[in-house]
Each structure stands twice: as C-alpha cells, then as structure tokens.
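Comments concern the structure below.
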Amino acid sequence: MSGVVPAMAVGRVAHSRVTLLLAGATAAGVVLVALAGPLLATGSPTAPVGLPFDAPSGAHPAGTDAVGRDVLSRLLHGGRAVVLLAVGATALASLCGALLGVFAGLIDRRIGELVVRVVDVVAVVPGLLVLLVLAAGFPGSDSAVLVGVALVSLPFSVRVVRAATRQVAVRGFVDTARARGDSRWRIIRHDLVPNIAGTMLAEAGIRFSAAVHLTATAGFLGLGAGPPTPNWGRMVSENASGIGLTIWPVLLPALLLVLFTVSVNLLADDLAARWADR
Amino acid sequence: MSLLRVAALVARRTTAAVLVLAVLSVLIFTVTEVLPGDAVGVIAGADATVSEREQLRRELGLDAHPVRRYADWAAAALRGDLGTGYVGRREVTEVLVDRLPNSLLLTTLAMALAVPLAVAIGLVAGMRAGRRTDRLVSTATLVAVGVPEFLVAALLVAVFAAGLGLLPEVSLVPLGGRPWDQPEILVLPVAALSVAALAAAARLLRASVAEIAAAPYVEAARLRGVTGLRLAVRHVLPNAVAPAVQVTAVMFAGLIGGAVVVETLFNYPGIGYELQQAVANRDVPMVQGLALATCATALVLLLIGDLAQLALSPAVRGRP
C-alpha cells in the first residue's frame, strides 16, 4: 500500500506577506466569532421565533431558518463545534502521532515499518467513511467525530514524525549522547524533539486544515451532536431547501466556512513550505 | 524482470490488500455493533419494554457472542450475502447492485472531466515552476482543495439551479429509472465532484512535473533547442506519467468520500447517498455492508494504481 500517504512538502508554496496577513486576520476573525459568538448572541439559537425562511428584518438581522429560528443566533453558536472539534482532533492526532512516530523512528527499522503498516490500514479508507462508520455506532456523538477525524489524521502524523526522527537519529549527536550513557528519554527530550519540532508544527498545520474540512463536512452530513444543536455545516443542509425563498441561512454559514478553510489552508501551506526549505 | 517475479509481486500485493480488508471488516463490525453495546436500544427506541427488547434481540440474533456474530456475518459476506437492512427490509446486496452503477457513472464522469484538465494544468504550472502562472495556479488549486465539497456543490446549486434556473436542484431518478436517461441531472453533481479532485490531482502533477523539469536531461534537451509544448509533452510528461497514474487511483478512491457528500446534497441515488441515509436511520446491517463494499472498492483501486505504477515506471520495476 505504498503511496497512500503523500509526502508532506509536495507542492507546498510560500505565499506573499500580504496574503498571509489577510489569511491570518481572516482565520483569527472566524475563530473569534466561533468562540466568543455564544457570549455575544442575545437570542436563543434553538427556539422558533417566527415563520420559516423569513427575510432579514430589524428583529432578526439575518432572517429565520427552516423552522423559524433566528439565523444570527444560530450563526453565533454554530461555529464552536467546528473549531473546537478540529482543534481537539488535531491535538489528539499530533500527540498520538508524535508518540508513535518517535517510537517507530528510534527502534528497530522492521518494527517501525510494522507500526506504519498498522496505522496505514486506516489510511486506505476514505476519511469520510471512517466518520460515517463511527457515527453509525455512536449516533449523535461529537466525541465520535473528534476521534474519527483524529484517526484519519494519524497515519500522516506517524509517517512524517517517523521520517523526521530517522533523519535526526542518523546524525552524529544522537550516537554521541548514547555513548555518553544518556537515557533514551533524555535523548528524546534534548536531542530529538528540538530538531523535529518544526516539522511536527508544520505537519499539525496541514492536519488542522484537513480536520476543519472534515468536521465541517461531518456537520453537513448530520454527524455529531444532533439537532437542534446549531452547527455551520449542518445549517447548510438544513436550509438548502429554502434557498429559493431566502439565501441567508445557507449563504452566511457557507461564507464563514469558506473563509475559514481557505485562510487556514493558505497558512498551513506556507508553514509547510517554509519548514520544508530548511 | 522475469514473469515469475511479476506474478509473485502481484500475488503479494493482492494478499496484502485482502488482509487489510479482513482487518477493516473486523473494525467495521466492532465499531458499529460490538462497542456501542446496546444496538437494540437504538433500534427499539427509548420507550420499548424489556420483553420487547429481548424479543428484538433474539430476532436480530444479537444475543449470540460477538465473535460468533462476526464469524457468521463474515462467512455470509464471503458468499455474497450482506444481510438485510432494518429499514424497509431491503437486502444489502440488492441495494449495492442497484446503486453501484449510478455511483460508478458519477465518479467516472467526474474523473473523465478532472484527469485531462489536471494533466494540462499540472503541466503548464510545473513547466513554469516559481513563475507567475505557477503561483496563480498553486493558489487557485489550494483554495479549491481547501473548500469542502458540499460548499462547492451548494454554490453551484445557488447559481445554476436556484439563480439561473438552468439545471435541476436535485437529481431525482424515478423508480426503476437510471440517471443516464436524463443527463441534465448529472451536470451539477459531476461538476461539484470534479472540482476538488481536479485541484488535488493538478497539485500533485505540478509537483511531479516541476521536479522532472529540473532534471539534467531536460536541461540538455533545452540546450539542444527543444522548447515549449514539445519539451513538455515529449520529454517531461512520459516520466511524470507513472506517478500520475497512481495519483489517479488515489484520487478515484478519494472521490468515494466526495461522492457521499455530493450524492447526499443532490439526493442522487448512489452508494454514498444510501450510506448517509443508513447512518441517519441507524440501519446497522446496511452501514456495515455498504462500508465494507466501499472499502473493498477503494482497496481494488489502490491495488490497480500500485500495479499500474509498477508496470509503467522502469525505476520502480527494477526494485524487488
């Protein structure tokens, strides 16, 4: 099953300062809306307040959705799930990937390859299928989405960390430290981690952009915490039928997700390109 | 390389794929039926009585030991019987046979659109690596890869269906009918599905072309005065094709995920739509069967890609 996981740096490009500044500001803005939104919202995100698919008005600046709920309140509440699940899944995958990758990189080459083979079993499954199967076993569970997204990311993390570890391990100073009688744990902390931290960070960036993509899609497909919980991805599918009446309940969450995914991808791309150059 | 070694290699890769599928079948079964513990509670609902639950448990055969249940399920699957779905008592195999042609049509059309365009874009950008065209293409494809498929699809619907009224919003197929009887319902799903695949493949091809374009032999050809299209097509492309074939297989496997989204959004009667519906309806046997079949399809595609790359690339062929 070679080539399932492409190399991290393939086709990555550094971007201009203006692009990066714009992308950074956009991503930060969307995260702010997602995390601080529930504090700013005045109305309830789940209570029906009017007719379905009402046009924007003074009381409801973004109109109402398919069951007459306030779109603005749902927007302000609906980003938390997407952002936090993506962050959580990336953190989980990066942590497990780092542990497994360092382990697989430092020990015997054959056992290391075995570890990669085992996690690669997941890599042949289309990512969305992993989420769907988990959601079938654990319906309505956000944790299942988090674990699923982390599982999809894990093979990439393990491979990249293992490759970086092996590159560092063949340089002289690891052998020197070993000869000095340093413990394995000390070697990992003092000699290995500082040298692979950049690669791990760049890899986490790419994994995060993929995680945002997947969590948004999971919301759209109705996986994770069920209705009436607001979720930007699910708002698109919930309100798609009313697109001829009012476009806002679909357009606004879609716009936020597009801004977020594009800016995060640009930042991750740049991060990876810069680290690949070193 | 002798024929015997080729045969041994093919056999080894195939065995590996079968083993992976076996492991995946255990994982699918465990996650959907064993780990949740109470599949009956999910099906019967919260207000079912204890005796109702017990009866349902026996009817569904859920009172047996999990290992026994897996063995029965796997043995039946090998005979081509994937069980019966809870919803509408439809046989999983029948659903598969009925929906597979629709999904294959959608993905094949998306590939037919994406691959030639990806080759052209990858070639143009890769031959101009680092220049303005390349930067433009790299950024545009990055955006297209990053935006989730359902948003691309929703945008297409908003513009071409709701806005201009040119094409249908949903791809409804009458009972017993086939999507190819009304080609207009295929346009938007195919377009939505090809965008991400096209962008992803163009990026990988661009990287591959850029690497080969920097090789000494290409420089030598350039010095001999070979330029432009001739240089790209005659000198660079042949060596970029082997990795590209595998990319295509990986991309096709990736399309399976995208198809779930696009089929759901357009109500297109394919495997992905059925799978999403089965998950929403908590129809465990249907999820298990469709997921297993999808994994098998992905594995076959990756295997074909692996072997095709082997056949096309002299460098890889030489390795044992």
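So how many residues does segment B:279-294 have that are part of a helix (DSSP H, G or I) and within 7 Å of chain A (Cβ to nearest Cβ)? Number of matching residues: 6. Just checking, does segment A:106-114 include any residue being within 14 Å of chain B (Cβ to nearest Cβ) and closer than 22 Å to B:ALA293 by Cα? Checked segment A:106-114: no residue is within 14 Å of chain B (Cβ to nearest Cβ) and closer than 22 Å to B:ALA293 by Cα.
Scanning segment B:129-171 for residues that are within 30 Å of A:ASP270 (Cβ to Cβ) and among the polar types (S, T, N, Q) turns up B:THR133, B:SER138, B:THR139, B:THR141. Within the set B:LEU303, B:LEU275, the sole residue that is within 9 Å of chain A (Cβ to nearest Cβ) and farther than 21 Å from A:SER237 by Cα turns out to be B:LEU303. If you check A:ALA104, A:ALA179 for being crowded, with 22+ Cβ neighbours inside 10 Å, assigned to a helix (DSSP H, G or I) and either touching a Lys or Arg at 6+ places or on another chain (Cβ under 7 Å) or small (Gly, Ala, Ser) (or both), only one passes: A:ALA104. Scanning segment A:117-142 for residues that are of a type outside the set (Asp, Glu), at negative phi and more than 7 Å from chain B (Cβ to nearest Cβ) yields A:ARG117, A:VAL118, A:VAL119, A:VAL122, A:ALA123, A:VAL130, A:LEU131, A:SER141. Taking segment B:125-228 as the region of interest, the helices (runs of 4 or more DSSP H) fully inside it that hold 3 or more residues being under 24 Å from B:VAL261 (Cβ atoms) and touching a helix residue (DSSP H, G or I) at 6+ places or on another chain (Cβ under 6 Å) are B:132-146, B:149-156, B:187-213.
Checking the stated criteria, A:THR246 turns out not to satisfy the condition of being buried (at least 20 other Cβ atoms within 10 Å of the Cβ), of a type in the set (Ser, Thr, Tyr) and under 25 Å from A:SER157 (Cβ atoms). Residue pairs whose Cβ atoms lie under 7 Å apart, sitting 6 or more positions apart in sequence or on different chains, and linking a residue in segment B:1-26 that is within 14 Å of chain A (Cβ to nearest Cβ) to a partner that is surrounded by 10 or more Cβ atoms within 10 Å (Cβ to Cβ) and among the polar types (S, T, N, Q), do not occur here. When each of B:SER103, B:SER138 is tested for being over 21 Å from the mean Cα position of the chain (by Cα), surrounded by 15 or more Cβ atoms within 10 Å (Cβ to Cβ) and of a type in the set (Ser, Thr, Tyr), the lone residue that passes is B:SER138. Could you tell me whether any residue of segment A:211-219 is more than 23 Å from B:VAL287 (Cα to Cα), in contact with a Phe, Trp or Tyr (Cβ under 9 Å, 6 or more places away or on another chain) and in a helix (DSSP H, G or I)? Yes; the residues of segment A:211-219 include at least one that is more than 23 Å from B:VAL287 (Cα to Cα), in contact with a Phe, Trp or Tyr (Cβ under 9 Å, 6 or more places away or on another chain) and in a helix (DSSP H, G or I).
Please indicate, with yes or no, whether at least one residue in segment B:170-179 is surrounded by 17 or more Cβ atoms within 10 Å (Cβ to Cβ) and among the hydrophobic types (A, V, I, L, M, F, W, C). Within segment B:170-179, one or more residues are surrounded by 17 or more Cβ atoms within 10 Å (Cβ to Cβ) and among the hydrophobic types (A, V, I, L, M, F, W, C).
The single residue among B:VAL170, B:VAL195, B:VAL218, B:VAL209 that is more than 14 Å from chain A (Cβ to nearest Cβ) and among the β-branched types (Val, Ile, Thr) turns out to be B:VAL218. The residues on offer are B:ALA144, B:ALA120, B:ALA125, and the sole one that is at the interface with chain A (Cβ under 10 Å from one of its Cβ atoms) and under 20 Å from B:PRO238 (Cβ atoms) is B:ALA125. In summary, B:ALA214 fulfils each of the numbered conditions (1) more than 30 Å from B:LEU105 (Cβ to Cβ); (2) crowded, with 19+ Cβ neighbours inside 10 Å; (3) touching a residue at least 40 places away in the same chain (Cβ under 8 Å) with the single exception of condition (2).
Got at least one residue in segment A:33-43 being modelled with pLDDT under 85, within 14 Å of chain B (Cβ to nearest Cβ) and buried (at least 16 other Cβ atoms within 10 Å of the Cβ)?
Looking through segment A:33-43, none of the residues is modelled with pLDDT under 85, within 14 Å of chain B (Cβ to nearest Cβ) and buried (at least 16 other Cβ atoms within 10 Å of the Cβ).
Determine, yes or no, whether A:LEU75 is more than 18 Å from the chain's Cα centre (by Cα), closer than 27 Å to A:GLY37 by Cβ and at pLDDT 85 or above. Criteria met by A:LEU75. With respect to the conditions (1) part of a loop (DSSP other than H, G, I, E, B); (2) over 15 Å from A:PRO227 (Cα atoms), A:SER44 lacks only one, and its number is (2).
Among residues belonging to segment B:236-263 that are closer than 28 Å to B:LEU156 by Cα and free of Cβ contacts under 8 Å to residues at least 40 places away in the same chain, point out the one that is nearest to the other protein chains (Cβ to nearest Cβ). Restricting to residues being closer than 28 Å to B:LEU156 by Cα and free of Cβ contacts under 8 Å to residues at least 40 places away in the same chain, the top hit is B:GLY257.
Tally time: how many residues in segment A:244-271 are β-branched (Val, Ile, Thr), part of a helix (DSSP H, G or I) and closer than 19 Å to B:ALA153 by Cβ? Can you show your working first?
Going residue by residue through segment A:244-271, those that are β-branched (Val, Ile, Thr) are A:246-247, A:250, A:258, A:261-262, A:264.
Of the ones still in play, those that are also part of a helix (DSSP H, G or I) are A:250, A:258, A:261-262, A:264.
Subset that is closer than 19 Å to B:ALA153 by Cβ: A:250, A:258, A:261-262.
Selection size over segment A:244-271: 4.
Among the residues of segment A:35-52 satisfying the criterion of being touching a residue at least 60 places away in the same chain (Cβ under 8 Å) and within 27 Å of A:ALA86 (Cβ to Cβ), which is farthest from the chain's Cα centre (by Cα)? The qualifying residue farthest from the chain's Cα centre (by Cα) is A:THR46.
Evaluating A:SER241 against the criteria (1) closer than 21 Å to B:GLU149 by Cβ; (2) within 24 Å of the chain's Cα centre (by Cα); (3) part of a helix (DSSP H, G or I); (4) within 14 Å of chain B (Cβ to nearest Cβ) leaves one unmet condition, (2).
Just one of the listed residues (A:PRO249, A:PRO227, A:PRO253) is free of Cβ contacts under 8 Å to residues at least 60 places away in the same chain and more than 9 Å from every other protein chain (Cβ to nearest Cβ), and it is A:PRO227.
The values are calculated or read from the model by the stated rules, or taken from the named source; none is laboratory data. What you are looking at is a predicted structure, and each value in this text was computed from that prediction instead of being measured. Because the Cβ atoms are built from the backbone with ideal geometry, glycine has one as well, and the counts that use them run over all protein chains shown.
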